[in-house]
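Trainee: Sharing a structure, written as structure tokens. Questions coming.
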Amino acid sequence: MPAFNYKERFVPLIKDRSKRQTIRAFRNYLVKKGQELSHFYGMRTKHCTRIIENTPCHDVATIFILQTGDVWLCFEEMEKPDAEWALSFLIRARKKPLISPVQFKQFTLFKLSAAGKNHLAWADGFRVDGSTEKQNDGCFDLMFRWWNQTHALPFTGQMIKWK
């Protein structure tokens, strides 16, 4: 059963069920649709606490976040080597405009619009003061600044959703 550790800032959002997704780098064992997910704060410390009861994984997508701020998703099951090839394809192809969706091998990649990126960021817990699920302008800017500070870009991983 995959277990996830969250930063303190996300705990209230997980508890109130407004955050129902997480973006994670690829692991040795990929998260699959239908698996039970565990959600913790303070893992590997004496303060470890379960945030909510186990939840079933509702959906998994491969996510690509580029240095340019472009975000691409693939909803078919993609292994890490395929995702790395797809990422290199997106980086090489960005010199010419790509029209979404794009076919890569047997996979379909979708580029998120500005509104789609703001929705993704809000759903992932990056919220500008006063923002709501429907009024979420500026949320992706907040998320992208955080990603630039904490992750190497371009980033490839899984977007994992639960109910």
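Trainee: Say we look at the stretch 114-132 and pick out the residues that are within 21 Å of Tyr6 (Cα to Cα) and surrounded by fewer than 19 Cβ atoms within 10 Å (Cβ to Cβ); which of these is nearest to the chain's Cα centre (by Cα)?
Mentor: His119
Trainee: While we're looking at this one, here's another question. Give the number of residues within the stretch 78-101 that are modelled with pLDDT of 90 or more, within 23 Å of Ala152 (Cβ to Cβ) and not polar (S, T, N, Q).
Mentor: 12
A quick yes/no check of all residues on (1) more than 24 Å from Pro101 (Cβ to Cβ); (2) free of Cβ contacts under 8 Å to residues at least 60 places away in the same chain; (3) surrounded by 13 or more Cβ atoms within 10 Å (Cβ to Cβ); (4) in contact with a His (Cβ under 6 Å, 6 or more places away or on another chain):
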site: Tyr6; (1), (2), (3), (4): yes, yes, yes, no
site: Arg9; (1), (2), (3), (4): yes, no, no, no
site: Arg20; (1), (2), (3), (4): yes, no, yes, no
site: Val31; (1), (2), (3), (4): no, no, yes, no
site: Gly34; (1), (2), (3), (4): yes, yes, no, no
site: Thr62; (1), (2), (3), (4): no, no, yes, no
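Trainee: A further question on this structure: Kindly establish whether Lys111 is over 16 Å from Val60 (Cβ atoms), surrounded by 13 or more Cβ atoms within 10 Å (Cβ to Cβ) and not small (Gly, Ala, Ser).
Mentor: Judged against the criteria, Lys111 is a match.
Trainee: Further question on the same structure: If the requirement is being part of a loop (DSSP other than H, G, I, E, B) and loosely packed, with under 13 Cβ neighbours inside 10 Å, which of these qualifies: Met43, Met1?
Mentor: Every option except Met1 fails the conditions.
Trainee: So which of Ile91, Ile52, Ile14, Ile99 is crowded, with 18+ Cβ neighbours inside 10 Å and not hydroxyl-bearing (Ser, Thr, Tyr)?
Mentor: Ile14
The values are calculated or read from the model by the stated rules, or taken from the named source; none is laboratory data. Being a predicted model, the structure only gives us computed values, none of them experimental. Neighbour counts run over all protein chains shown; Cβ positions are idealised from the backbone, glycine included.
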